[in-house]
1. Of the options B:F195, A:F112, B:T165, report the single residue whose Cα projects farthest towards the positive end of the charge dipole of the protein assembly as shown (beta-carbon charges: Lys, Arg +1; Asp, Glu -1).
2. Determine, from the Cβ-Cβ distance of B:L323 and A:H213 and an R0 of 45 Å, the FRET efficiency 1/(1 + (r/R0)^6), rounded to the nearest 0.05.
3. Using Cα atoms only, what is the angle between the long axis of helix B:287-296 and the major principal axis of chain B, expressed in degrees (0 to 90) to the nearest 10?
4. Which of the pairs A:K145/A:K174; A:K12/A:K300; A:K23/A:K92; A:K122/A:K145; A:K174/B:K240; A:K48/B:K240 have their Cα atoms more than 25 Å apart in this structure?
5. Using a Förster radius of 30 Å, what is the FRET efficiency between A:E199 and A:S76 based on their Cβ-Cβ separation? Nearest 0.05, please.
6. Using only atoms on other chains, find how many Cβ atoms lie within 10 Å of each Cβ of peptide A:153-164 and report the average.
7. I'd like the orientation of helix B:2-29 relative to chain B: the angle between its Cα long axis and the longest Cα principal axis, in ° from 0 to 90, rounded to 10.
8. When N is the residue count of chain A, what does its C-alpha Rg come to as a fraction of 2.2 N^0.38 Å?
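Every number here is computed from the coordinates shown, using simple stated rules; none is lab data. Only a predicted model underlies this, so the values are computations on that prediction, with no experimental measurement involved. Virtual Cβ from ideal backbone geometry, glycine too; neighbours counted across all protein chains shown.
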Amino acid sequence: MRGDLLDVRELKVVFYTYRGIIKALNGVELWMNHEERLGLIGETGCGKSVTSLSIMGLIEQPGEIISGDVYFEGKSMQKMSMEELHDMRGKKISMIFQEPVSALNPVMRIGFQVAESISRAKDIKIKEAYPEVLKMLELVGLDSKRTASLYPHELSGGMAQRAMIAMALSSNPKLLIADEPTSALDVTIQAQIMELLDELVREMGNAVILITHDMGVAAEFCDKIAVMYAGNVVERASTVDIFEEPLHPYTKGLLKAVPKIGQSKELVGITGTVPDLVNPPTGCRFHPRCPYAMNKCSQKMPPLIEAKPGHHVACYLYTQEGEHNAN
Amino acid sequence: MGRYVLRRLLLMVLVLFGVSVIVFFIVHVIPADPVGALLGGNAPPQLVDQMKHQLGLDKPIWAQFGDYMLGILHGNLGISLKSNRPVTQDIAEYFPATLELAIFSIIISVALGVVLGILSAVYRNSWVDHFSRIFSILGVSMPVFWTGLILLLIFYYILGWLPGTGQLSLFTIPPHRITGMLLLDSILTGNWEAFRDGLAHIILPAAVLGYSATASIARITRASMLDVLRQDFIRTAKAKGLSGRVVIYRHALKNALIPVVTLIGLTFGSLLEGAVLTETIFGWPGLGRYIVNALLVLDYPAIMGGTLFIALMYSLANLIVDLTYAVLDPRMRI
């Protein structure tokens, strides 16, 4: 097993729409260990959120997992019963979302919503969870008694995200998935929320998947980075390696497009646009935009191989041995 | 909250004023002759004049309107030409039967409509959904008098399972009148035979009256439920590890019911008004039939009084709905 907490193997997810079948995930490979912090980065629509929903077991109509599997602590999620799946979500994996205010139920008080999570995680009655609710709300820096009695529309975005964090961490989950937790918030609030998350996760020892398209946030928060492009993980390495010596042409392009302070050079974008996932390019989905594209790139998707110790990449530029093996 | 209710009540007075103006002028503008209807075509002219004077019909229309409005302010809706009693007294006698019928059918429609709506949203495009769709299309498109006659034909005439018309069978002893609502009075006086008989009599008219309401409630519940199930907070609820049942009944339903409650209020108003046809078909001694009879003999005060009263009930139902709204949706707190 590659990761002792989570191992996503060749996950393929499609969505059936009127426009056609969207091939959202095209064999995603992803793994992580306990207490690790993994950043999942890539452009909008590259499959970051779909990956996270698959890990939660929340892919629903019109979406479908057509092949591959997610192993959580070595257990296949495809083989889990409904109850096991509910139990896993309630106790072992939590998630926080992009739009905190709309992610909370508008007709229920915050206190109740947090209490619900606690009661689910600890198998106690909702009423018995209230002391714990106040503790959690305090932990995330909210005026606990007052906030517990408020409704979501009475909170600011930052406060709502704090409440979401309280809810998500109340089960002390093995894995916390944060799906762009700050992109709907003001810049100053963003920093506060990331700091809070950093502090709490360090204390409680949760593993985190941070989904973001903000390279700066990812660099600061994560130990490992996985870069996604059009439904594939194309590169995975430690944060230092990704930023110091990126291997995949897409990652290189992505980093060139990030502005740096004190640099007057013009930003270089990646030519072309993100492919339409109803009719994705054959082979490597990045090849039409890739400056190093070769013939075989358009024929077969390159496998994710370990090009250097701990540094995985899915690109034919690094697969001489891999290809020999395949032949 | 208190101020809100007060404002709404004042607005209601305005609405009722508008309704009474419209009803008054419609009734007085139609070229019909109530005195002729009352006395017959061959009455001697003096008698006709005397009658006109007695009813105030010889005055100019503005004066008549003024008299009528003044009467309303004193709680006096005039004297019915047919029953020769104050219209208010007639309404007090006939309205409870209508109210009972409306309450009974709204209970049936809400229970059935909400359940059908939830089921067809949760099991979208399954046979439940298709059944509910066909059931609803029939419900909103079939006129009440037709459904009524067909159901009478099937359940009364062919199958003989349910009684035909009226509130009670001929030989059932009615309960002592307390509220005027037969079922309630039967319970209060412990007259179980009348209760059973009354129940058998109310099923068909209530079903007919409530059918289209059931249909629209089912459709709105479905649409609203589908909309809510797509929301972010439903995903959060699922991510918390809650079971499907808890997600639907605890998290989705309360949100989904908000538009349904509005519909229920409007529907209740229209049930009172729809009772006109249903009551005529089923010989139900309620306000609807009273108004129909009043129309047939051009009983002006009864027509106006009955209509105004129904408008009052309609407005009250809407006020109650808006207050319920505030309870269901904290964003609406007044």
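1. B:T165
2. 0.45
3. The answer is roughly 40 degrees.
4. Where the Cα-Cα span goes over 25 Å, the pairs concerned are A:K145/A:K174; A:K23/A:K92.
5. Values: r = 34 Å, r/R0 = 1.13.
With a Förster radius of 30 Å, E is 0.30.
6. Across A:153-164, the average partner-chain Cβ count within 10 Å equals 1.
7. It is inclined by approximately 50 degrees.
8. Numbers: Rg = 20.6 Å, N = 327, 2.2 N^0.38 = 19.9 Å.
It is 1.04.
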